[in-house]
There are 2 protein chains.
Amino acid sequence: MDFESFRAEVKRVVSGDKVIESRGELMLYSYDASPAESAIPRMVIQPETTNEVSEVIKLANEYLIPIVPSSGRTSLHGGPIPYNGAVVLDLMRMNKVLEVNLEDSYVHVEVGVRLDELNAELARHGHFFPPDPASSTAATVGGSLANGAGGMRGAKYGTVKDWVLGAEVVLPTGEPVFMGCRTLKCRAGYDLLSLVIGSEGTLGVITNAYLKIWPLPEAIVRLRVYFRDVVDAARAVGMIKARGFRPLIVEFLDRGTMEAVSGYVKEFTYPRDSEAMLIIDLDGPPEAMKRYIDSMVNILKGAGGYEIEWTGDKDEMDRIYMARRAAYPALLRLFSGMRVMPEDISVPPSRLPEAVKGIGSIASKYGLKIVTWGHVGDGNLHPNIIYNPNDQSSVSKLYSVSRELGLMAINLGGTVSSEHGIGVLKKDLLTSELEVKGIAQLRLMKAIKRVFDPNNILNPGKVIDID
Amino acid sequence: MDFESFRAEVKRVVSGDKVIESRGELMLYSYDASPAESAIPRMVIQPETTNEVSEVIKLANEYLIPIVPSSGRTSLHGGPIPYNGAVVLDLMRMNKVLEVNLEDSYVHVEVGVRLDELNAELARHGHFFPPDPASSTAATVGGSLANGAGGMRGAKYGTVKDWVLGAEVVLPTGEPVFMGCRTLKCRAGYDLLSLVIGSEGTLGVITNAYLKIWPLPEAIVRLRVYFRDVVDAARAVGMIKARGFRPLIVEFLDRGTMEAVSGYVKEFTYPRDSEAMLIIDLDGPPEAMKRYIDSMVNILKGAGGYEIEWTGDKDEMDRIYMARRAAYPALLRLFSGMRVMPEDISVPPSRLPEAVKGIGSIASKYGLKIVTWGHVGDGNLHPNIIYNPNDQSSVSKLYSVSRELGLMAINLGGTVSSEHGIGVLKKDLLTSELEVKGIAQLRLMKAIKRVFDPNNILNPGKVIDID
């Protein structure tokens, strides 16, 4: 690996203002939003076209320089951290919405566009792109596709893999290809597109994509309900689904979350005897909302819910949602000097009661505070582990707690990572999950990585180790 | 390859009544529903458990015997035909619905269950599995997953890949693994499940699956409309989508289809000046249907539609749909002695006007009759080519027409196969599509096949040739 020659060649294929080498600026690419160890890249390249991405990757493949694709850097598991002198490929300059096509129900977009910007543009046309990770103000289309992002609307609308029709992908050899189609029905051989989605930039670099879009809901009504027993709240989720509801969102907040928020936002109060809260958005045509609400209120009462409130007023809806929006900053404030590691397990919704009990047991066992919220419509829980980054014993407990939460999810028929990805922090847990599901799959994944990337230059060491 | 030893070993791992060797019965496995050349298998094995499938495949891998998975045999491109002395693995005995779980919104089902049986069971619980290939009375869960089946509801609900959460898959080495999850959110490493879905049994044999289920529509209203110009009908589809409608179905029938049906079903009449017909199902809560219908009627009138009729009455709906249901048998009757090859292209809906014109030009060029219907909500057209199987020139024109239709779809930004698969008949067209989209993908697909199936024992020669 002759870095100086690579460096000179890169400057021949992209103009000098697209190459960053100052230490101060490189530092900005040394971490993501996770507790994973940071690492400073050797160089950052900011291509503007697929052709530039292709040329740079060809060079990297020739000179055997590791390349780490990067955009919003909101990853929560270390995916975009440039270890071992890697070069970062920053895709944020590829930030154009190329085409909104309502007749064909897609938007063609470059990967550097942020999700909120995309949805602002689509809203002007009465449409939206459903996946909505909490970081959507900063998260990009590219990062979301690479990470298999989900969000609150996942129980109704799935994750990004359900919303991408086709994409331009630069392979680790530098070859640009178009994977998938521009239609929903697409049988173009083996589904390579789905393999690249969620591969965290280890199999190819997506430069632009055709995303499926959907008409905005005609009306939304938001309900809020409290429960005296956290298990009742968890059980309510299964009852809602069994009755044929597919709410736009079902957000769960445990008592710890409510406590934190009430100390942070003075307008927020909650009944002293409540152990959990659900926020439920129902969507549909306005003519049907009254009936939907009545039916939902009945289900919630039957599940032990109380102080049920509902509204279709935008400001009132924002007020209810404040509890959820303020949760993360509230935690940071309440536990100042500490850090928060947001975990990301899923279990089938019917197993949520066991999962919330299990989280409590694990917190007690290790003496670390865990505050839990989640997108429970699909059984997705975010147990937030509070730890002291300056206390080695606290950090070591953090990793034990994270591991036990993952093992619990596996035991309950769930998964260790729902929407945050594997990165570097969850590789061991992924192996544990595959040991239960069939470890032959790990062999196949390693072989697939070698097929795509024989020189292991694209985001090496992420998702899986190829040995 | 020592077939006698394989045969003896098979009879040790599955009981004798699960092995078919009589020529009469073997004949039934020699063809599918396509014009592809038939071939008689050397043996048919009917396993009842994943373990039996695993044992048989282990033996096949050891003795290098080609194995062709099979179920409903409704394939339209030769996928399940056992060439070169292959053994058929008939999965129809694995026909149990294992679990309907409403709380977790899935059904766990063995692959031999037919789609209509599955939906009859789900309907008892107020739910359904949306993919609905035309052959759903005979087509199975396994065949649908292996073929990436779609159907009429595809424009709203996508294809099987959007409806499978996880599956038990026996790898070509005989190892059983569980791919995917039981939740929508699932980040268990690279998405091997999506790779196996649509791989036509070349990468693994699915034995049971967790399928996502959805609440039945609260109400459905069916509209029927005629157009004097086929291009207007095609254009209406884009207008419907652009206005934010996602109809449950949008079926297109050209004049040739209406002519055939009117000769077959005497109750069916159509205006003499109409060149095309659309059947549109709108679904939603009953309270909103009137408004939806009014809006849809306005769109259709604006697009040049006339004699618009709509109904929510079950019998009336069946009457309207009769035109579509009777289309295939009507063709067979009208052109007796001839055969019908149902093609399966998709184009982005905005390109439908060009596609329907193009089909007319191709039919004229070769002098073969083409009668077209399709699930046009997603741009999926089925141009049905009428040919004489006993006339070599007609058969040779059939393949030329099929090829030109595929190339036209590629030129219009579409795809050569939407829901019928590649099998043996579309391998060349797949290559043509990948030449446009990036031929490096074919290299990757071949390498992936070798990774999964190093001995090339699983449905060899289908989808792609590995050289």
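Coordinate-derived values only; no laboratory data. Please read these numbers as outputs of a predicted model, since none were measured by experiment. All Cβ positions, glycine included, derive from the backbone under ideal geometry; neighbour counts span all protein chains shown.
Listed values, structure above:
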{"item": "Copy-to-copy label separations for A:Lys314, where each label sits 7 Å from Cα toward Cβ, in nm and ascending", "result": "4.4"}
{"item": "Label point distance in nm, B:Thr431-A:Asp294, each placed 7 Å from Cα along Cα→Cβ", "result": "6.5 nm"}
{"item": "For region B:211-226, Karplus couplings with θ = phi - 60° (6.51, -1.76, 1.60), whole Hz, Gly/Pro x", "result": "9, 5, 10, 9, x, 4, x, 5, 8, 10, 10, 10, 10, 10, 9, 10"}
{"item": "Diffusion coefficient, µm² s⁻¹, Stokes-Einstein with Kirkwood Rh over alpha-carbon pairs of region A:161-225 at 25 °C and 0.890 mPa s", "result": "181 µm²/s"}
{"item": "Amide N of region B:83-110 lying under 12 Å from the label point, which is placed 7 angstrom from the Cα of B:Ala39 along Cα→Cβ", "result": "B:83-88"}
{"item": "Binned Cα-Cα distances of region A:86-156, short to long, each 10 Å bin given as a whole percent", "result": "20, 52, 25, 4, 0"}
{"item": "10 Å beta-carbon shell around A:His108, net charge (K/R +1, D/E -1)", "result": "-2"}
{"item": "Over chain B: helical MRE at 222 nm, DSSP H runs n ≥ 4 each giving -39500 (n - 2.57), nearest 500", "result": "-11000 deg cm²/dmol"}
{"item": "Chain B: relative contact order in percent, alpha carbon pairs under 8 Å with at least 6 residues between", "result": "16 percent"}
{"item": "Inter-part distance where region B:113-131 and region A:280-313 are each reduced to a Cα centre, Å", "result": "28 Å"}
{"item": "Ranked A:Phe178, B:Phe268, criterion: other C-beta atoms within 10 Å, fewest first", "result": "B:Phe268, A:Phe178"}
{"item": "For region B:3-90: span of alpha carbons on each principal axis (Å, largest first)", "result": "36, 24, 23"}
{"item": "Shielding of A:193-205 by partner chains, average beta-carbon count, 10 Å", "result": "3"}
{"item": "Using a Förster distance of 60 Å, the FRET efficiency for B:Leu332-A:Asn411 (Cβ separation, nearest 0.05)", "result": "0.65"}
{"item": "Estimated distance in nm for a label pair at B:Ala219 and B:Glu267, the labels positioned 7 Å out from Cα along Cα-to-Cβ", "result": "2.4 nm"}
{"item": "Cα-based Rg / Dmax (Å) for the protein assembly as shown", "result": "27.8, 84"}
{"item": "Summed residue charge, Cβ within 15 Å of B:Leu442's Cβ, Lys/Arg positive, Asp/Glu negative", "result": "+2"}
{"item": "Over 22 Å (Cα to Cα) - which of B:Lys185/B:Lys446; A:Lys58/A:Lys449; A:Lys426/A:Lys446 fall in this group", "result": "B:Lys185/B:Lys446"}
{"item": "B:Val231 paired with B:Asp313, simple spin-label distance in nm, labels 7 Å along Cα-to-beta-carbon", "result": "3.8 nm"}
{"item": "At 7 Å out from Cα toward Cβ: B:Leu64 inter-copy label distances (nm, ascending)", "result": "3.5"}
{"item": "Ascending count of other beta-carbon atoms within 10 Å, so fewest first, for A:Cys186, B:Cys181", "result": "B:Cys181, A:Cys186"}
{"item": "Additional length obtainable on full extension of the chain from B:Leu28 to B:Ser393, 0.36 nm per residue less Cα span", "result": "128.6 nm"}
{"item": "Charge dipole magnitude, Cβ of K and R +1, D and E -1 - region A:320-441, Cα centre, debye nearest 20", "result": "340 debye"}
{"item": "Whole-Å semi-axes of region A:257-348's equivalent ellipsoid (Cα gyration tensor)", "result": "28, 15, 14"}
{"item": "Which of A:Leu171, A:Asn456, A:Gly148, positive extreme of dipole for the protein assembly as shown (C-beta unit charges)", "result": "A:Gly148"}
{"item": "Computed Kirkwood radius, in angstrom, where 1/r is averaged over Cα pairs of region A:82-219", "result": "15.1 Å"}
{"item": "Fewest-first ranking of B:Glu175, B:Glu419, A:Glu25, A:Glu62, using other Cβ atoms within 10 Å as the exposure measure", "result": "A:Glu25, A:Glu62, B:Glu175, B:Glu419"}
{"item": "Value of Rg to Rh for region A:335-420 (Rh from inverse mean 1/r over Cα pairs, i.e. Kirkwood)", "result": "0.97"}
{"item": "Nearest-first distances (nm) between copies at B:Glu121, label 7 Å from Cα via Cβ", "result": "4.5"}
{"item": "Interchain or long-range residues, amide H under 5 Å from A:Asp229's placed H", "result": "A:Glu275"}
{"item": "Test item: Cα-centred dipole of the protein assembly as shown, Lys/Arg +1 and Asp/Glu -1 on Cβ, debye", "result": "180 debye"}
{"item": "Among B:Val196, B:Asn411, B:Trp214 - extreme Cα towards positive end, dipole of chain B, charges at beta-carbon", "result": "B:Asn411"}
{"item": "Helix runs (DSSP H) in chain B reaching 24 Å along axis by Cα, Kyte-Doolittle at least 0.0", "result": "B:392-411"}
{"item": "Values of log10 I(q)/I(0), in the order q = 0.17 Å⁻¹, for region B:143-183 under a Debye, Cα-only, solvent-free model", "result": "-0.55"}
{"item": "Two-site FRET efficiency, B:Arg325 against A:Ala120, from Cβ-Cβ distance with R₀ of 60 Å, rounded to 0.05", "result": "0.85"}
{"item": "Partnerless cysteines, meaning none of the other Cys C-beta atoms lie under 4.7 Å away, in the protein assembly as shown", "result": "none"}
{"item": "Exposed-site-free run, longest, chain B (rule: trypsin sites (Lys or Arg not before Pro); DSSP loop; at most 11 other C-beta within 10 Å)", "result": "B:273-467"}
{"item": "Two-decimal Rg/Rh across chain B, once Rg and the Kirkwood Rh are taken from alpha-carbon atoms", "result": "0.97"}
{"item": "Cα centroid of region A:152-183 to Cα centroid of region B:359-403, whole Å", "result": "32 Å"}
{"item": "10 Å binning of all Cα-Cα separations within region B:157-280, expressed as whole percents from 0 upward", "result": "11, 28, 19, 22, 17, 4, 0"}
